[in-house]
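This report concerns only the one structure given below.
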Amino acid sequence: MNAETPMVKVVFALQQDEHGYPPVGYEGVWAEHLADGTFRVNNIPFHTYEAAFGDIVSAVEEDGSLMFQNLIKPSGNSLLRVIALRPEEVPELCAGLSKLGCEFERTGDTGSLVAVNVPKEIDYSPVFQFLKRGMDEERWGVEEAVLCHSRT
């Protein structure tokens, strides 16, 4: 991140399911305000399905907030969400993802929800196999929220 690049929050409106998930109606993500008036997502979203880390998006100001409008240019990165079924699984999950070249953010120090960025240059097959093995062992659940990679 360049210190001269203005960082702002772009807010995504979220659709809650019949169980009230996600637990919030909006998610704000950090983004770089680019010279052409668009925004580059600069952190890994936890809940939206509309953009991944590095995507270029447009936003409009509404009631003092910059509200997501459109995806302008996908980064090619994939956004995954992993929920550890037992909190003690999170360190091994994060270590495995890191070893495979993925970046991640987690909810709090003890949170079981991990938002994962799979950079476009990373081979997705080993990541998928690692996560599938954990799902088969009932250690975690995985959601491919924004999948730009092929599983093969």
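So here's what we get for this one:
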item	result
Cβ-Cβ FRET estimate between E61 and E105, R0 fixed at 30 Å, reported to 0.05	0.70
In Å, descending, principal axis extents of the Cα set of the range 11-71	41, 25, 15
Intensity falloff of the chain expressed as log10 I(q)/I(0), Debye formula with alpha-carbon point scatterers, at q = 0.09, 0.11, 0.16 Å⁻¹	-0.30, -0.44, -0.90
The range 23-45 residues near the modelled L113 label - backbone nitrogen below 12 Å, point 7 Å along Cα→Cβ	23-28, 45
Cα convex hull volume per residue for the range 86-126 (Å³)	65 Å³
Base-10 log of normalised Debye intensity for the range 78-146 (one unit scatterer per alpha-carbon) at q = 0.12, 0.16 Å⁻¹	-0.25, -0.45
Debye log10 I(q)/I(0) at q = 0.23, 0.25, 0.26 Å⁻¹ for the range 36-119, Cα point scatterers	-1.04, -1.14, -1.20
Cross-link partners of K99 among lysines (Cα-Cα below 25 Å; sequence separation of 8 or more within a chain)	K120, K132
Order by protection proxy (mean Cβ within 10 Å, highest first), peptides 114-124, 96-106	114-124, 96-106
Added length on full extension, which subtracts the Cα-Cα distance from 0.36 nm per residue, A35 to A95	17.9 nm
Highest-MSF residue in the chain out of P23, P126, P74 [GNM, Cα springs under 10 Å]	P23
Antiparallel content of DSSP bridges confined to the range 7-73, in %, to 5	90 percent
In order through the range 131-137: 3J(HN,Hα) via Karplus (6.51 cos²θ - 1.76 cosθ + 1.60), integer Hz, x for Gly, Pro	5, 5, 4, x, 5, 4, 8
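Computed from the coordinates by the stated procedures, all read-outs in this text should not be read as laboratory data. Because the structure is predicted, anything quoted here is derived from the model rather than measured. Heads up, the Cβs are rebuilt from the backbone with ideal geometry, glycines too, and the neighbour counts pull from every protein chain shown.
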